[in-house]
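Undergrad: Quick one: structure below, then a few questions.
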Amino acid sequence: MAQININIRMDEGLKKQAESLFSELGMTISTAFNVFVRQAVRQRKIPFEISAESDPFYSESNMKVLLQSIKEADEGKFIVKTMEELEAMEK
């Protein structure tokens with residue numbers, strides 16, 4: 001089977017980090033890329049999860065709670081506690 005060369009563009013810092021990691025694992029970037037491609041072909045998918053998930057702080061459910069809390073605070077419906085009271089709640 002003939003082998004071909006593939007050129008990949010990558011940030012220099014990322015390349016150095018990858019080389020260091022793969023070296024610790026006993027392989028080169030070329031070997032690691034081949035492992036990735038073989039797994040992708042074998043599984044017929046990207047062999048790891050790719051997600052566009054963002055910071056959970058900004059999730060829809062959390063934003064609803066935050067907006068409700070802001071509304072209640074604007075209406076004067078909030079509870080004031082001292083630091084001692086808050087610390088006591090943790091115990």
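The values are calculated or read from the model by the stated rules, or taken from the named source; none is laboratory data. Values in this document were obtained by computation on a predicted structure and should not be read as measured data. Because the Cβ atoms are built from the backbone with ideal geometry, glycine has one as well, and the counts that use them run over all protein chains shown. These area figures cover heavy atoms from the full protein model, side chains too; ligands, DNA and RNA do not enter into them. Shrake-Rupley method; radii C 1.70, N 1.55, O 1.52, S 1.80 Å.
Undergrad: Filter the range 34-80 down to residues that are among the basic types (Lys, Arg) and not in a helix (DSSP H, G or I) and give me whichever is surrounded by the fewest Cβ atoms within 10 Å (Cβ to Cβ).
TA: Within the range 34-80, the match that is surrounded by the fewest Cβ atoms within 10 Å (Cβ to Cβ) is Arg44.
Undergrad: Restricting the search to the range 81-91, which residues are open to solvent by 100 Å² or more (accessible area, probe 1.4 Å) and either charged (D, E, K, R) or not in a helix (DSSP H, G or I) (or both)?
TA: Glu84, Glu90, Lys91
Undergrad: Among the listed residues Ala88, Ala73, Ala18, Ala40, identify the single one that is touching a helix residue (DSSP H, G or I) at 6+ places or on another chain (Cβ under 8 Å) and of a type in the set (Gly, Ala, Ser).
TA: Step by step, each of Ala88, Ala73, Ala18, Ala40 is checked, and only Ala18 is touching a helix residue (DSSP H, G or I) at 6+ places or on another chain (Cβ under 8 Å) and of a type in the set (Gly, Ala, Ser).
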